[in-house]
Amino acid sequence: MKSGIIFILLFVLSTYAFAQKDIAVISDKGTKHIPVYLREGSVYFSLKDFAEAEFVNHYHSKNTGKIELKFKRYLLKATGKNPYLVITPRSTGVPIVYQLPTSSYIINNKIYVPLKYCLEPLQSAYGRQLSFEEPDKLFIGDEIDFPLESQQWVYNNPDLPPVTGLSITGLSITEMANGTLIRVHSKTRIPSYYSSFKDGVLKIIFRKVNADEERTNRNNLGSLIKKIETQNVGPDTEFRFLLGDEYSTNEVINAPGSNDILITIHNKIFTKSEETEKYIEKWDFDVIV
């Protein structure tokens, strides 16, 4: 009996926390009604439903809780239970970020964001004027020539939380008797990588992360590693290590207790000991060599 009362109480509270209704999205494409939720006086709407109402190409992943709206000049990304919107100009590929005063919500596998606070960044990404007329009308107006001009909320900060900005923020390099240890500082888990060695160049491509190129390029390091070149290629990051004649082997492992990656460039005096294997945990992810 008690369990039944508790279930009913929780249902009533959840219904009270999010009251559902709908709003009209009005544009030159017609009028579409999309569901919204009311929470503490604020209207939350689904980015996926908005994209479908405006026939905007988009990608939505239920597994990761992320969505990307693909506008003509900009891409807009959002993550559920997170207060950031990431806008990426197609012309530069450099992300800029807007912080909401509250996190988004995931309801019925869709990402809901507060309408009032999303109008400005959404208008900039869409490139069209947006206005909300209470209680239930969202108007899509004329095109904006320079949607990001004079926007004070725009910033690009690699030290933002993991879902925003650039994942790989820098390198730490330590010289050792048997080679060089490079620590790749990453705010997010790197799911996989590809490596190859040819003509004195070791190439390592980290999948689904981008790097701060200014902080990860290195010159005139020494005879073993002459140079480190970093380049963002689409959603991935490519590291190129220009190596000298002393190079013998390399190893890539996960740094215990963090998202950082350890890359060891061994010289020819390197001998692999059982003691090393005892304390190093191999990187448990997909590898293509």
I'm checking my understanding of the structure. Among residues of segment 201-218 that are at pLDDT 90 or above and farther than 16 Å from Glu251 by Cα, which one is surrounded by the most Cβ atoms within 10 Å (Cβ to Cβ)? Thr216
For Lys72, state whether it is at pLDDT 80 or above and part of a loop (DSSP other than H, G, I, E, B). yes
Can you tell me which of Tyr37, Tyr44, Tyr59 is modelled with pLDDT under 95 and more than 16 Å from Thr102 (Cβ to Cβ)? Tyr59
What tally of residues in segment 227-237 results from selecting those that are more than 18 Å from Asp260 (Cβ to Cβ), crowded, with 16+ Cβ neighbours inside 10 Å and at pLDDT 90 or above? 1
On the basis of being at pLDDT 90 or above, acidic (Asp, Glu) and not in a strand (DSSP E or B), does Asp245 make the cut? yes
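Results for (1) over 18 Å from Ser124 (Cβ atoms); (2) within 17 Å of the chain's Cα centre (by Cα), shown as yes or no for each residue.
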{"site": "Ser61", "(1), (2)": "yes, yes"}
{"site": "Tyr74", "(1), (2)": "no, yes"}
{"site": "Ala78", "(1), (2)": "no, yes"}
{"site": "Thr88", "(1), (2)": "no, yes"}
{"site": "Pro101", "(1), (2)": "no, no"}
{"site": "Ile107", "(1), (2)": "yes, no"}
Can you work out which of the residues in segment 52-63 that are in contact (Cβ under 8 Å) with a residue 12 or more places away in the chain and under 12 Å from Ile111 (Cα atoms) is surrounded by the fewest Cβ atoms within 10 Å (Cβ to Cβ)? Lys62
Assuming Leu138 fulfils every condition listed in (1) more than 26 Å from Val233 (Cα to Cα); (2) out of contact with any helix residue (DSSP H, G or I) (no Cβ under 8 Å at 6 or more places or on another chain) apart from one, which condition is it? (2)
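The values are calculated or read from the model by the stated rules, or taken from the named source; none is laboratory data. These numbers were taken from a predicted model, which means no experiment stands behind them. So basically every Cβ, Gly included, is an ideal-geometry build from the backbone, and we count neighbours across all protein chains shown.
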